[in-house]
Amino acid sequence: MSAIEPVSQPAPSPGSAEPLVQVRGLVKHFPLTRGLLIQRKVGAVQAVDGVSFDVRRGETLGIVGETGCGKSTTARLIMRLLDPTAGEVRFEGQDITALTGSRLKAIRREMQMIFQDPYSSLNPRKTIGATIAQPFVIHGLLEGKDERKRAVQELMETVGLNPEHYNRYPHEFSGGQRQRIGVARALALKPKLLIADEPVSALDVSIQAQVLNLLRDMQRQLGLTLVFIAHDLSVVRHMCDRVAVMYLGRIVEIGPGDALYDFPRHPYTGALLSAVPVADPTLRADDRELLSGDVPSPANPPKACRFHTRCPKAQELCSIEDPPLEDKGTGTEAACHFPLSREEVAEIGVRSAR
Amino acid sequence: MTEPLLRVEDLHVEFVTEDGVVHAVDGITYEVAAGRTLGIVGESGSGKTVASMTTLGLTRSQGARVSGRILFEGRDLVALPEAELRAVRGNEIAMVFQDPLSSLHPFFKVGWQLVEAVKAHRDVSKAAARERAIELLGLVGIPDPDRRVDSYPHEFSGGMRQRAMIAMALVNEPKLLIADEPTTALDVTVQAQILALLERLQRELGMAIVIITHDLGVVAEMADDIAVMYAGRIVETASARHMFASPEHPYTWGLLKSIPHLAGGREEELTPIPGTPPSLIHRPSGCHFHPRCPYAQPDHARIDPQLEPVADEPHHHAACLLESQLRRRLWAELGSGCTPEQAREAVGLPAPPPHPERHAPAATAAGEPSGPVPEVGL
């Protein structure tokens, strides 16, 4: 894919064509139980239900979707913070879903996560120096006190924090600076994979751009592979080489950002892109076609195509047969029996095409 | 021009706290004409919410010190006794808040809460109030309103709760609706539904709307006029078209250059505003934005800019100490893709005096990272 920026990555081990992460048929169901003492299983929230994709080395893969679509659960499954119900996650070719103990710990060192809320993801009783040094402590690296301090201060400088603030506490920092602390902590072990789960949605507009630029700079410098999860489609467009759109636990469309935003094929992608308010009054859309209703409950998702209950193009087939995710010939793969045409994309008021 | 529906004049709102006096709103003036939509944009702590709560008298119980005038159809709401203000609040001016879950009481049925709202302002029978509640739920697009009227808030989705809140605000067909971040907690497809609903209701009922948001996309879609707030003040007001096409204040430029565009792509470069918004207790001297402004000059730390009309655009005001002609040249440079530094050099403006806020250290130059490289072995 030519969209991928050349990165100054230290030459990856042999077989670099192999994706860094391969997700295959990933499923996560959270059981719903009833009863106080004897808990009976009465159903399951199908948070992630059969998701397959690759994360290529050095790219930024965006995952977008609305609340409850399973994007954060997918991230936590890749990190093995949750155990999948079925399916596998391969990291550098190795299935990590069954790893335990020291082998799991070794893999975890290669992947790090940045969280949404910079206020609750830092321990208020620890100095930020101690917080950023924590990965070294956990993995028993850089035992010397001075050595560790120097490493932490170098990290702080890299993410744009004043190294002299080593001994300060989180409450002394603003939201944007706290997110920088989170980035420094995540980069401490030089991970190969960084997962950012809504890293800027709690930040003010003027600060958001600071953190986005930091993540892009870090990626270019360190050759990181980034999985970027967000609900803001403009931010995802800015950050990502490829984008996956999720709806009710499934990927409905995936492809290069340019192709997906220029010509969305899945009606849900089209609906999302036409719903985004655009910061340009001359492009004001007076009669957009709006999606009606709300996202159905993931505990009881619609049969076959999960979008058919809200889809403006749904036919009888959509409620009978589940459409596979397949190449639609315009750059993206979409799971739809009746993908959007160029005319329809213009009609529903998608304003993301350049 | 006819008398505006709402005219806020030199409004100040202060709170006395243990740490000092918080100058939440610091002398703002704006107008809303009947049937129009004003968008108030600002970041957290810019005073946009406090200003609107004060319009409804909702900051009175919190010990706020309020001065200035809020003229609603000629009556000054600041001076109005509580009992008279209560007749205005919810009746002629109504408000919709950000979080629809915490604005509805979880114990009571949605319909019951609507009936209470109807009966608070109108002397009608319970049956008639219930009829009105059902009618309102239908008006805001809740399917099957005669059944839904007996639902509890937890049985509604986020979007439906916000519709119910809007229904409650519409009980008495207010002339002015204040919507404070009405869609911030909602998903993008639901946000589009709620914004479309507000536009439809405005057309049908002819009410004026003040929409408060941090989202430039939302104001661009909704507002006729826009006011940009920073540190308790309005720094720029203009029609929506002018605000996006020819903004005059460096803070507005900073906001517009900070957001990625939906059609922007990977190559688009963002220019963040350096530093962080100031504390409203210890505000910077002079122009409150000068510590973060890439175009600040030495005397900007001393002189307090006033909101003044911009040349050739009668309804466009900005509070900036730079000359209008210079600002236009700067914006033209920025519009052609220059960085603030390049724009400054192009127009021959000296670099701003050093200030710690402006030197939020950028990420280090590209190259081999300086971080530790522990050997990783599996």
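Regarding region A:269-354, what's the average projected area of the Cα-atom convex hull, expressed in nm²?
Over every viewing direction, the Cα hull of region A:269-354 projects on average to 6.7 nm².
Around B:Thr29, with a cut-off of 9 angstrom between Cβ atoms, what is the net charge of the other residues, counting Lys and Arg +1 and Asp and Glu -1?
Overall, the nearby charge balance is -2.
Using label points projected 7 Å from each Cα along Cα→Cβ, tell me how many nm separate A:His171 and A:Lys105, to one decimal.
The answer from the label model is 3.4 nm.
Rounded to a whole number of µm²/s, how large is the Stokes-Einstein D of region A:200-299 at 4 °C and 1.567 mPa s, given Rh as the Kirkwood radius over C-alpha pairs?
For these conditions, the coefficient is 84 µm²/s.
For a quick check, take a GNM of chain B with Cα springs below 10 Å and name the residue from B:His261, B:His121, B:His300 with the largest mean-square fluctuation.
Comparing B:His261, B:His121, B:His300 in the GNM, the peak value goes to B:His261.
Please work out the ratio of the alpha-carbon Rg of chain B to 2.2 N^0.38 Å and round it to two decimals.
Compactness ratio reported: 1.11.
For region A:126-279, with equal point scatterers placed on the C-alpha atoms only and solvent neglected, what are the log10 I(q)/I(0) values from the Debye formula at q = 0.10, 0.12, 0.15, 0.21 1/Å, to two decimals?
After summing over all Cα pairs, the log10 values are -0.44, -0.60, -0.84, -1.31.
What is the Cα centroid distance between region A:267-304 and region A:174-210, reported in whole angstrom?
28
With both bridge residues required to lie in chain B, what share of the DSSP beta bridges run antiparallel, to the nearest 5%?
The answer is about 60 percent antiparallel.
Debye sum, Cα scatterers, region A:101-197, no solvent: what log₁₀ I/I(0) at q = 0.13, 0.17 1/Å?
Evaluating at q = 0.13, 0.17 Å⁻¹ gives log10 I(q)/I(0) of -0.41, -0.71.
Evaluate the Debye formula for the protein assembly as shown with equal point scatterers sitting on the alpha carbons, no solvent, and hand back log10 of I(q)/I(0) at q = 0.06, 0.09, 0.10 Å⁻¹, in q order, two decimals.
Taking Cα atoms of the protein assembly as shown as identical point scatterers yields -0.39, -0.90, -1.12.
Counting other C-beta atoms within 10 Å, which of A:Tyr247, B:Tyr30, A:Tyr119, A:Tyr166 has the fewest, and how do the rest follow?
Ordered from fewest to most neighbouring Cβ atoms within 10 Å, A:Tyr247, B:Tyr30, A:Tyr119, A:Tyr166 come out as A:Tyr119, A:Tyr166, B:Tyr30, A:Tyr247.
Count the lysine pairs in chain A that are 8 or more places apart or on different chains: how many have C-alpha atoms under 27 angstrom apart?
29
Given +1 on the Cβ of Lys and Arg, -1 on the Cβ of Asp and Glu, and no further charges, what dipole in debye does region A:91-141 carry about its Cα centre, rounded to the nearest 20?
With only Lys, Arg, Asp and Glu charged at Cβ, the dipole is about 260 debye.
P(r) for region A:188-234, please, calculated from all Cα pair distances in 5 Å bins and given in %.
5, 19, 29, 26, 14, 6, 0
How large is Rg over Rh for region A:277-324, taking Rg from the Cα atoms and Rh as the Kirkwood inverse mean of 1/r across Cα pairs?
Looking at region A:277-324, the ratio lands at 1.15.
Please identify every one of the trypsin sites (Lys or Arg not before Pro) in region A:63-129 that sits in a loop by DSSP and has no more than 13 other beta carbons within 10 Å of its own beta carbon.
A:Arg125
Compute the distribution of all C-alpha to C-alpha distances in region B:100-171, in bins of 5 Å from 0, and list the percent of pairs in each, rounded to whole numbers.
3, 21, 33, 27, 13, 3, 0
Looking at region A:253-352, which GluC sites (Glu not before Pro) are DSSP coil and have at most 12 other C-beta atoms within 10 Å of their C-beta?
A:Glu321
Can you give the Rg/Rh ratio of region A:49-123, where Rg is from the C-alpha atoms and Rh is the Kirkwood radius?
Expressed as Rg/Rh, it is 0.96.
Considering only the other residues whose Cβ falls under 13 Å of the Cβ of B:Arg86, what net charge follows from Lys and Arg at +1 and Asp and Glu at -1?
Neighbourhood net charge equals -1.
Please get the size of the charge dipole for chain A, origin at its Cα centre, with Cβ charges of +1 on Lys and Arg and -1 on Asp and Glu, quoted in debye to the nearest 20.
1360
In percent, how large is the relative contact order of region A:80-161, given Cα pairs closer than 8 Å and 6 or more residues apart?
15
Please state the equivalent ellipsoid semi-axes for chain A: what are the square roots of 5 times the Cα gyration tensor eigenvalues, largest first, in whole Å?
36, 24, 20
In whole Å, what three semi-axes, largest first, describe the equivalent ellipsoid of region A:73-116 built from its Cα gyration tensor (square root of 5 times each eigenvalue)?
Working through the eigenvalues yields semi-axes of 15, 14, 9 Å.
Over the residues of region A:164-250, compute the C-alpha Rg and express it relative to 2.2 N^0.38 Å.
Cα Rg divided by the expected 2.2 N^0.38 Å: 1.16.
In Å, what is the Rg of the alpha-carbon atoms in region B:236-339, and how long is Dmax?
In order Rg, Dmax, the Cα atoms of region B:236-339 give 14.2, 41 Å.
Net charge within 10 Å of B:Met243 by Cβ-Cβ distance, Lys/Arg positive one each and Asp/Glu negative one each, not counting B:Met243 itself?
Result for the neighbourhood of B:Met243: -2.
The numbers here are math on the coordinates, done by the rules we state, and not lab data. Note that this is a predicted model, so its numbers are computed, not measured. Note that we place each Cβ from the backbone using ideal geometry, even for glycine, and neighbour counts take in every protein chain shown.
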